[in-house]
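Some notes on the structure that comes next.
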Amino acid sequence: MGARRTDRIYNQYDPQAVRGSFLREPFERDRERVIHTPALRRLAGVTQVVNATAGEIFHNRLTHTLKVAQIGRRLAERLLRLTEDKRILDRLGGLDPNVVEAAALAHDLGHPPFGHTGEAQLDALVREQGGDGFEGNAQSFRIVNKLEVRRWDIWGLNLTRATLNALLKYPWLMADQPQTSQYPLKKRKWGAYLSERWELNWVRGSSQNRRMSLEAQIMDWADDIAYAIHDMDDFYRPGLIPLDRLVTESTIHIASHDGAVHNYTQGERLQFLRAVADWRKDDGPGYSFDEIVEAFDQLMFLFPIFQPYHATREQQRVLRIINAQLINRYVDNTRLNLETYQNETEPLLLIAPQLVREVKILKDLTRYYVIGSNALSVQQYGQRKIIQTLFACYLGEALSPPHFRSPLLESILPPDFDTLLNEAEECAQKHGDGYATKEMRCARVVADVICRMTDEQAWKLYLRLTGSQLGSVVDQVT
């Protein structure tokens, strides 16, 4: 952190700082390189919470990503306007809205088919081969550094150091995950694989600081805001989240003989808030049951929703107003930490604890009513089977010498499959990235190939491989 201003606009393949042109500055170029990637387009067919091809008009990974980018840019522009002395921003590591937007556009590129279900299954499968697992954030970092193509003579998109740093929500390898209480929710998260250790070190330098850059923290907060608000909207409309009942059921406040006030709630609200209190008990101070009830009451006060959604004009208007008010609430009450920023354990953004609690509660609505539902659990079981089958088929072919491969299964391999394997071998030799065995390298490449698919592509390929659906001879299978 605290790098010189010019260091931020270096990229890996130019010895000097990247020069802007008459038309574009370096960070604008980063943003546009991400916008034009196939990896970003693919997200239109990837699960956000429920399957991207579901009948209702739910958010997919692409629409979520676009909203994160918009909120992140708005946050960055607002903080810039509020900071009169721009030297303060240099001391905080720098702030550019284009960097925040570029990182937001790239932050979910690594999500595999079926979202977090696919992520968890791929993680287990890659670990079985001795590798360092699969993680969506680390995969995003790998995609922009290695897998996307832009020029014949380099790997990846050749983004600037600032944008790559803003992409690192978890700036460490799997083996270096923090084990302290400071990161209670991040213990299973990491931002780079061993195969990108060199790139991680280039971005972060020799510093052992685990703190995200300012731009990464803005992107991360924008991600939380978008996820919380728009998923709540998604699932209230078809009746999965009963906002009308949660709003209309009241909380009773009773003072005890010692003057303390206790909150009593009932029905739908009670069951939900008990679950939230259980999930959040390790989040530290501010998450007792009474504090969660109080935060929920204040949040529900903003929701003039008193009946199930019937898509009336008035209800559509109310939902748009609620969404806008919540986004404004969380954006307008975000500040820079100008007091303790030199303490590397302190965040660079100041967000009121009440607002953080509210966003977590909104996210827990989806967790309780949708992710925990039996219907989604059954669907996720099938999705895991799809990932397992595809991984086994691809890995078997990857481990076989080309002249020993099954002619039938080889036909499903993408045209650049052997090129990816050769690049993994070259990378291991060049950087000593720890991928000592062929199994580890092949598992990483197989995960890369699966991660290029949409939900529908993975499902259709599975149907053909298992004989469940024969398809047509003109259907493409890779």
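Taken over segment 77-111, the residue count meeting the criterion of being in contact with a Phe, Trp or Tyr (Cβ under 8 Å, 6 or more places away or on another chain) and farther than 16 Å from Q217 by Cβ is 2.
Look through L399, L362, L420, L390 and report the one residue that is touching a helix residue (DSSP H, G or I) at 6+ places or on another chain (Cβ under 7 Å), surrounded by fewer than 19 Cβ atoms within 10 Å (Cβ to Cβ) and of a type in the set (A, V, I, L, M). Give the steps one after another, and end with the answer.
Working: L362 fails: surrounded by fewer than 19 Cβ atoms within 10 Å (Cβ to Cβ); L420 fails: surrounded by fewer than 19 Cβ atoms within 10 Å (Cβ to Cβ); L390 fails: surrounded by fewer than 19 Cβ atoms within 10 Å (Cβ to Cβ).
Result: L399 is the single residue among L399, L362, L420, L390 that is touching a helix residue (DSSP H, G or I) at 6+ places or on another chain (Cβ under 7 Å), surrounded by fewer than 19 Cβ atoms within 10 Å (Cβ to Cβ) and of a type in the set (A, V, I, L, M).
Going by what's in this entry, would D224 be described as farther than 18 Å from L302 by Cβ and within 15 Å of the chain's Cα centre (by Cα)? The answer is no for D224.
Checking A44, A39 one by one, the residue that is within 20 Å of F141 (Cα to Cα), in contact with a strand residue (DSSP E or B) (Cβ under 7 Å, 6 or more places away or on another chain) and part of a helix (DSSP H, G or I) is A44 and no other. Taken over segment 291-331, the criterion of being loosely packed, with under 15 Cβ neighbours inside 10 Å, over 29 Å from the mean Cα position of the chain (by Cα) and assigned to a loop (DSSP other than H, G, I, E, B) is satisfied by F301, P304, F306, Q307, P308, H310, A311, T312. Take L348 and decide whether it is under 25 Å from K169 (Cβ atoms), at pLDDT below 90 and surrounded by 11 or more Cβ atoms within 10 Å (Cβ to Cβ). When the stated conditions are applied, L348 does not pass them.
For segment 23-32, check the following and say yes or no: at least one residue is modelled with pLDDT under 90 and of a type in the set (F, W, Y). No. Taken together, the criteria place H116 among residues that are surrounded by fewer than 24 Cβ atoms within 10 Å (Cβ to Cβ), under 18 Å from Y170 (Cβ atoms) and not small (G, A, S).
Kindly evaluate D244 against the criterion of being at negative phi, part of a helix (DSSP H, G or I), surrounded by 11 or more Cβ atoms within 10 Å (Cβ to Cβ) and modelled with pLDDT of 85 or more. Working first, answer last.
Numbers: at negative phi: yes; part of a helix (DSSP H, G or I): yes; surrounded by 11 or more Cβ atoms within 10 Å (Cβ to Cβ): yes; modelled with pLDDT of 85 or more: yes.
In short, yes.
Among the residues of segment 84-98, are any surrounded by 24 or more Cβ atoms within 10 Å (Cβ to Cβ), within 23 Å of A44 (Cα to Cα) and touching a helix residue (DSSP H, G or I) at 6+ places or on another chain (Cβ under 9 Å)? Taking every residue of segment 84-98 in turn, none turns out to be surrounded by 24 or more Cβ atoms within 10 Å (Cβ to Cβ), within 23 Å of A44 (Cα to Cα) and touching a helix residue (DSSP H, G or I) at 6+ places or on another chain (Cβ under 9 Å).
Taking segment 389-438 on its own, how many of its residues are of a type in the set (S, T, Y) and either at pLDDT 85 or above or not in a loop (DSSP other than H, G, I, E, B) (or both)? Spell out the reasoning first.
Applying the first criterion (of a type in the set (S, T, Y)) to segment 389-438 yields 389, 394, 400, 406, 411, 419, 435, 437.
Applying the additional criterion that residues be either at pLDDT 85 or above or not in a loop (DSSP other than H, G, I, E, B) (or both) yields 389, 394, 419.
Qualifying residue count for the region: 3.
Among (1) modelled with pLDDT of 85 or more; (2) closer than 30 Å to V293 by Cβ, where does G372 come up short? Condition (1) is where G372 drops out.
The values are calculated or read from the model by the stated rules, or taken from the named source; none is laboratory data. Treat the numbers as computed from the prediction; the structure is a model and nothing was measured. Backbone-built Cβ (ideal geometry, glycine too); neighbour counts: all protein chains shown.
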